[in-house]
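Peer 1: Okay, here's the structure, questions in a sec.
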Amino acid sequence: MEPFAGIPEQAEAKRLLSSALADGDAHAFLFHGSAGVGKEAAAFAFAGALLGDPRRVTERTHPDLRVVEPLGDMIRIDVIRELHHDLHLRPFEADRRVYLLLGSHRLNPDAADALLKDLEEPPAYATIVLVADELGPIPETIRSRCQLVPFRRLSGRAVRGWLDERAPELSESEATAIARVAAGRLDRAARLIDPAVRARRSAIIAAARGPYSQTPYYSNEAASVLLEAIGLSGAAAKEAEETVVDGLDLNSKDAEQRVKRVQRGAEREEMLAQLEELAAWYRDLVVVANGAETTVTHADHLSELRADVALELGRKPERAAALVRESWRSAEEFNVNPSLWLDALFVQLRRAFV
């Protein structure tokens, strides 16, 4: 069976990896691209093909597979030192050993320096695969020693196909909206088919409408809607990760750091997803006002969009969308306080519509 058959699209990545499997030459790879587009699944499929045992690789039980993940907010040098020691052990069963470094964009500087030494002269039987959501934090010295394997955001058609398979109960307008809000990421599509998240999404859309439709208007109340969703997302991720950690051989400190990292990551991702949805709502107002309803993101809220356009908001939605996009860029780059950040954003949005 073709090892990458279960991964949607990503033709370029599949071509590069299939060529690598056929040639057997390259020993270091860097999978890069947005979260939720198949990088991690492809990494395990690649490792399964290299080791000849996809099932045990997927289960992470193959003795010639080592998986490294961030503990806390980063991958630290002590983990890379352990990998260095392991790297010079001969394979146990297969003719090679495979190392998957998930979340490689979280390598701290010392860990990156230590890893570089192993990338320069890896043993002939070792294959090292770095998986990163961003290329920027990866030092150029590491990038230059890896074969880069790019992963793109998925097409709307691919996301719709995934939704049709996983959530056939969705109406046409709901599936269209979720596929568009997911913006080419299956992790976001999975989040949006959760009934609890779908219910929260309606509250977030109400918060988006508040700056131009509510009198009196309270920015802190709008921010609290998003903050509640952020907290719930983090709590759910924390609970799920605690179950995973219980089955791993980790000391209490490492287990706690891993759970906290996952929780913080879920909260940050929830906030960024909410900001993208806010920007998409204001963009939809512009789209509907210009008679292009078939391209709206929020196809399941078209009646509200039409009603809001009737308020004759002019170019104000464009300014609001620009404010949210700028806030998104800042929130992605910096470690912001969500409560203060969101309250300030809704104050600015109110001013944009006055």
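Peer 1: DSSP loop chymotrypsin sites (Phe, Trp or Tyr not before Pro) in segment 192-263 with at most 16 other Cβ atoms within 10 Å of their Cβ, which ones?
Peer 2: Listed in order of number, the matching sites are Tyr218.
Peer 1: Along the Cα→Cβ direction, 7 angstrom out, place labels at Val347 and Arg81. What is the inter-label distance in nm?
Peer 2: 4.7 nm
Peer 1: Under a crude label model (7 Å from the Cα following the beta-carbon direction), how far is Ser144 from Glu69 in nanometres?
Peer 2: Taking the two extended label points, one gets 3.3 nm.
Peer 1: Could I ask something else about it? Most mobile of Gly103, Gly231, Gly52 per a Gaussian network model of the chain (Cα springs, under 10 Å)?
Peer 2: Sorting by GNM fluctuation, first place goes to Gly52.
Peer 1: Still on this structure: Mind checking which lysines have their C-alpha under 21 Å from Lys260, skipping anything on the same chain fewer than 8 residues away?
Peer 2: Lys238
Peer 1: Starting from the Cα-Cα distance between Arg157 and Asp249, subtract it from 0.36 nm times their residue separation and give me the gain in nm to one decimal.
Peer 2: 29.0 nm
Peer 1: For the chain, which span is the longest to avoid every loop-located (per DSSP) member of trypsin sites (Lys or Arg not before Pro) having at most 14 other Cβ atoms inside 10 Å?
Peer 2: The segment 61-314 is the longest one with no such site.
Peer 1: Once you have the Cα-Cα distance between Glu239 and Arg90, take 0.36 nm times their residue separation minus that, and quote the gain in nm to one decimal.
Peer 2: My answer for the length gained is 49.9 nm.
Peer 1: On to the next question. Which residue fluctuates most in the GNM of the chain (Cα springs below 10 Å): Leu311, Leu51, Leu163?
Peer 2: Of the options given, Leu311 has the highest mean-square fluctuation.
Peer 1: Can you list residues whose amide H is under 5 Å from Ala28's amide H, if they're 5+ apart or on another chain and H is modeled 1.01 Å from N?
Peer 2: Ile128, Gln147
Peer 1: Taking the Cα-to-Cβ direction at Ser303 and at Ser224 and moving 7 Å from each Cα, how far apart do the two end points lie in nm?
Peer 2: 2.9 nm
Peer 1: A further question follows. Could you give the Stokes-Einstein D for the chain in µm² per second, using the C-alpha Kirkwood radius, 10 °C, 1.306 mPa s?
Peer 2: In µm²/s, the coefficient is 72.
Peer 1: Now a separate question. Count the net charge of all other residues whose Cβ sits under 11 Å from the Cβ of Arg201, scoring Lys and Arg as +1 and Asp and Glu as -1.
Peer 2: Surrounding charge for Arg201 is -1.
Only the coordinates and a few stated rules stand behind these numbers; no lab work does. Just so it is clear, the model here is predicted, and its values are computed rather than measured. All Cβ positions, glycine included, derive from the backbone under ideal geometry; neighbour counts span all protein chains shown.
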